[in-house]
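So the structure is just underneath, and the comments pick up after that.
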Amino acid sequence: MFFIKEDFMYISNVNVKNFRNFGEKGFSIDLKPFSLIVGENNVGKTNLLYSISLVLGESLSNINRRLEISDFNNKTIDDFYRKVNDLTKKVEDIVFPEISIKINFNDIKDVEHKIIFQNCFVDKKHTSAVLEYVFKPKNSLTSKWINQYRQNHIESIKPEMDYSLRLTKFPISDFEYKIYGGNSRNEKPLWEYFDRLEYVYLDALRNATRELSEGKYKTLYKFLSKRIGEIPKVNELLGEIDTEISSQKELSDIKKDLQSWFDKISNKKTGINFKLSSPELDYLLQKISLVYDDDSIPIVNNGLGSNNILFVSLILSQISDSKDFFKLFVIEEPESHLHPNLQNNFAKEIHISMINQEDKKYFRNRQLILSTHSSHISSTVDLNDIVVIFENDKEEVISEYIFDNIKDENIKFLQKYFDATKAKMIFSKKNILVEGISEQILIKTFFEILFDSTLYKENIELINVNGVAFKHFLEVFSNGFFKKTVVLTDGDKDTKFEDRSKNLKNKYESKTIKVFYNEYTFEKSLIEDNLKKLTNETFKESIIYKALSNTRPSLAKKITFSSTVKEWFELIEKYKADFAMNIHYLINEEQEIGSFVIPKYIVDGFKVLGYEREE
């Protein structure tokens, strides 16, 4: 389902400046009616989603909207102190930092929507609006603070010092938050209209068990109160309960006793009776919780997995409710406590809930933003809905819809073969692309034995493209998703494919993509490079020969020290994976590479990624 711009309101962009890991330059992300945000750990996904809540979150109190010094980008604060500590800088040229979060709404066409965004429009047609959260200095915080700082620390400020030193605590108590409408900071949104815009934020630390239990501030109650209107029969039933309770003998006896004492103490003759306080429907809804099956198993007694499935079901029901005016759902890590199959089911169903099945277009009244670490969810949704947050080669955090800028033929191929394993490439820091199972097995082994670490620990993803489909993946890495990527492939000399590797190198090599290839094939390179280092005496004790013997026990006896690479290859050509696994086992047994030779093109690939063995 490719995104087609429709005439309905949605958040089209969020811009964050100086908040947590987003610096002075600012971070910008475009959004669609359905966006799946992915990226490696600590790249800023949680910070982005929370920043939206600072603007739109009804449940956030004024206290929670007041930020701490730890919420400022650390480099921004360091830069501020560098200027303050640098006595050559004029005080009037130094500006206190501020946090800014701008949310852009587009395609505001409905009259009811336009009413909400009064004071917020940024175009003459009143179809685009901006809300901005700003955490800034109060008017009372002026350059006097800087002058006082310099006077207090005149003895400590030296030319050779680290100017980022914070000699006085940052005046965070003199900061305040404001929310503005439009591009200027003169207008404020008319918040009384904004309760028609439903915003739901489910963070990664949500408690499904708690949210499905009774209580005024729980998700279950909020859902029930929206879906259930007045129920006339409830008052009738409560009246019957009142009559029944009042007629009980025990209550009658208590009433007589109380009446007797009241009459003795008071001179007034006043009758006393019991009355059941009829609770409002709203109060009754707060007392409803979910249970499992006819046995009424309490939510608290059930497993986290089942509770999370039930919680997700509740959210899907909320999303698919077509009666709402407009709703924005932001869900962080929906995969929590769901096994892979359920993650796939969730991704499919939640995407279906966003699509009108009659015209196959997005519903007009809903927007959904997910963030995930799940390669299962990422490989299930439409590729064009995936936006990746990552650090570029300048160490700037940027966002990119990495599949938007490539051709349809590449998209069709990737959508078909983009399974949970290959989807891991969008979460990694660096990538290695190989063409077969043998490389997939042994590249990991070589890396571990050379560098006493693992590709997993280094956040390097090894992607087996299963043949020669490199171009489809390289189109992604060369069109916006600029992550350091190494291609290790075969030269295929003396075959009709011998120009393929050169063509890949010529077309795709760049600052971030490097292509390395051998002369023939991976297996032939292993055999040839190792035979060169062996002698007749060491031949049968070598890893390469033992691996052959373990792979083809009866036929390996025919191989001698003088056997050619071609003769070796004929024995393992149909057993490449077994041959590779046997090399893997033997290297792991010895726990060192020993005399085994790793082909140079592989070592060169590791070097480009920043890994070089010290001899």
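Here are the numbers for this structure:
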| quantity | calculated |
| --- | --- |
| For the stretch 10-193, convex hull volume per residue from C-alpha positions, Å³ | 141 Å³ |
| Stokes-Einstein D (µm²/s) once Rh is taken as the Kirkwood radius of the stretch 132-204 over alpha-carbon pairs, at 4 °C in 1.567 mPa s | 79 µm²/s |
| Value of relative contact order over the stretch 10-193, rounded to a whole percent, pairs C-alpha under 8 Å and six or more apart | 25 percent |
| Computed FRET value (nearest 0.05) for R613 with K158, which takes r as the C-beta separation and R₀ as 41 Å | 0.45 |
| Whichever lysines have a C-alpha closer than 24 Å to that of K124, once near sequence neighbours (fewer than 8 apart) are set aside | K5, K32, K102, K109, K114, K188 |
| Within straight-line cross-link reach of K255, lysines at Cα separation under 23 Å, skipping those fewer than 8 residues along the same chain | K264, K268, K269, K275 |
| At most 16 other Cβ within 10 Å, DSSP loop - chymotrypsin sites (Phe, Trp or Tyr not before Pro), the stretch 453-531 | Y456, F497 |
| Mean projected area in nm² (Cα convex hull; one quarter of hull surface) for the stretch 390-509 | 8.4 nm² |
| Neighbour-limited loop hits for trypsin sites (Lys or Arg not before Pro), the stretch 414-519 (at most 15 other Cβ within 10 Å; DSSP other than H, G, I, E, B) | K457, K493, K496, K511 |
| Per-residue [θ]222 nm for the chain (sum of -39500 (n - 2.57) over DSSP H runs n ≥ 4, rounded to 500) | -10500 deg cm²/dmol |
| Percentage relative contact order, the chain, counting C-alpha pairs under 8 Å, at least six apart | 13 percent |
| All Cα pairs of the stretch 421-608, percent lying beyond 31 Å | 18 percent |
| Summed side-chain charge close to T46 - residues other than T46 whose Cβ falls under 10 Å, Lys, Arg +1, Asp, Glu -1 | -1 |
| Residue-count net charge about V91 - beta-carbon cut-off 13 Å; Lys, Arg +1, Asp, Glu -1 | +2 |
| Reachable aspartates and glutamates from K83, criterion Cα separation under 16 angstrom, eight or more residues apart if same chain | E24, E92, D93, E98, E160, D162 |
| Extension gain from R196 to T243, taking 0.36 nm per residue of separation minus the Cα-Cα distance | 12.9 nm |
| The stretch 366-468: GluC sites (Glu not before Pro) in DSSP loop, at most 13 other beta carbons within 10 Å | E395, E396 |
| Structure-derived Kirkwood radius over Cα pairs in Å: which label, when the choices are (i) 29.9; (ii) 28.3; (iii) 26.6 | (i) |
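Bear in mind these aren't lab numbers, they're just calculated from the coordinates by the rules spelled out. Just so you know, these numbers come straight off a predicted model, no measurement behind them. FYI the Cβ positions are ideal-geometry reconstructions off the backbone, even for glycines, and counts take in every protein chain you see.
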